[in-house]
Amino acid sequence: MDQDLVVRVQQGDQRAFEALATADYPRLHRVAYSVLGDPASAEDATQQALLDIWRDIRRLRDPSKYEAWAYRLLVRVCYAEAKRRPQWTSSDDLMLADEPRAADAYGVVADRDQLERGLRHLSMDHRVVLALRHLLGMTPDEVAATLGTSRWTVYKRLRAATEAMRAALETDARTVTPTADRQEALR
């Protein structure tokens, strides 16, 4: 992020904020959508985070830490939004940095559906660390700085999220996969 732009926003430059918000919106929205799973909630959270950024940016002491600070504000807003709308909403547009790759279109849809079903079973804490780590490609140290937690906490949440998602997907696979007899009857 351009630190000069952040400094100009801190000085009250509205045009600089417009440029900053325009540049930040796609990545902030992508994280909010990955965490909340609902386009309307993600839109609300992103807009609220941008308002909070405008309102609180003068409190940011080090402009070089703007990005982590902005994500921290977004995560707080996502938690508040999730409390307002606690249900995970399924969507065909799950926005992932590294979308599952399959050999055919059906495989892509099946992979996305499986991933979404797994995410549905995770807590907000787990979805947040997964989004920051895997969607944005942050290091565990960067995730810890963004969330204001220790690196140990990030590793613990990543491990727990991975285990919870794996367990949910295995359970789902056992209940969804037709038996051999049913597969034969379907042919």
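The values are calculated or read from the model by the stated rules, or taken from the named source; none is laboratory data. Predicted model, so just to flag it, every value in this text is computed and none were measured. Neighbour counts are summed over all protein chains in view; Cβ atoms, including those assigned to glycine, are modelled from backbone coordinates with ideal geometry.
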Name every residue in the range 16-56 that is part of a helix (DSSP H, G or I), more than 16 Å from Trp69 (Cα to Cα) and touching a helix residue (DSSP H, G or I) at 6+ places or on another chain (Cβ under 8 Å), in order of residue number.
-> Ala16, Ala19, Arg30, Tyr33, Ser34, Val35, Leu36, Pro39, Ser41, Ala42, Glu43, Asp44
The condition of being in contact with a Ser or Thr (Cβ under 9 Å, 6 or more places away or on another chain) and either at pLDDT below 85 or aliphatic (A, V, I, L, M) (or both) holds, among Arg127, Arg72, Arg133, Arg117, only for Arg117
Go through the range 49-64 residue by residue and tally those that are in contact (Cβ under 8 Å) with a residue 60 or more places away in the chain and surrounded by fewer than 18 Cβ atoms within 10 Å (Cβ to Cβ).
-> 1
